[in-house]
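Presented below is the structure to which this report refers.
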Amino acid sequence: MNWDFLDVFDILTDVPDLLGNTSASSESSCEQESPVRKKTKYLTEKISAVLLLFSAVLLFFVFKNPLPAENYIPTLMVCSLIGLAVSLVFFFLLYSLEKYYFKNIFQWIFFSGSVILFSVSLVGFFYFKSGIFI
């Protein structure tokens with residue numbers, strides 16, 4: 001479980017409120033009866049895991065049959081660069097919408113890596129399975 005040091009301070013400041021006067025806390029709870037939107041816990045990790053699962057399935061379909069031997073390495077490089085460009089455009093859109101922020105660096109690396117792998121595998125799947133480019 002990932003602990004943030006500010007969570008410890010939050011718990012320490014809540015302990016005196018629990019041991020002390022409970023009427024002050026009941027008054028504040030009555031004032032805050034607006035509907036609270038419940039956030040999904042670990043949403044970033046769930047999205048990243050689903051993207052990794054989809055990319056694994058797509059990569060399985062791409063590499064299930066042997067790829068054409070002619071220009072094998074340059075073809076994989078072009079697919080990787082196109083997938084990287086698509087993911088960078090996606091990251092820029094998320095940043096523009098102010099949705100590209102993370103609590104720690106590991107969430108950022110996990111999400112970014114899974115999006116890049118998914119976009120590369122998606123481009124590779126369309127490249128090799130469409131038959132237009134071969």
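Only the coordinates and a few stated rules stand behind these numbers; no lab work does. Everything numeric here is computed off the predicted structure, so don't read it as measured data. Ideal geometry is used to build each Cβ from the backbone, glycine not excepted, and the neighbour counts take in all protein chains shown.
Key figures
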item	result
Over segment 50-134, relative contact order from alpha-carbon pairs under 8 Å, at least 6 apart, %	54
Inter-label distance for Ile73 and Lys103, nm, one decimal - labels placed 7 Å from Cα along Cα-to-Cβ	4.4
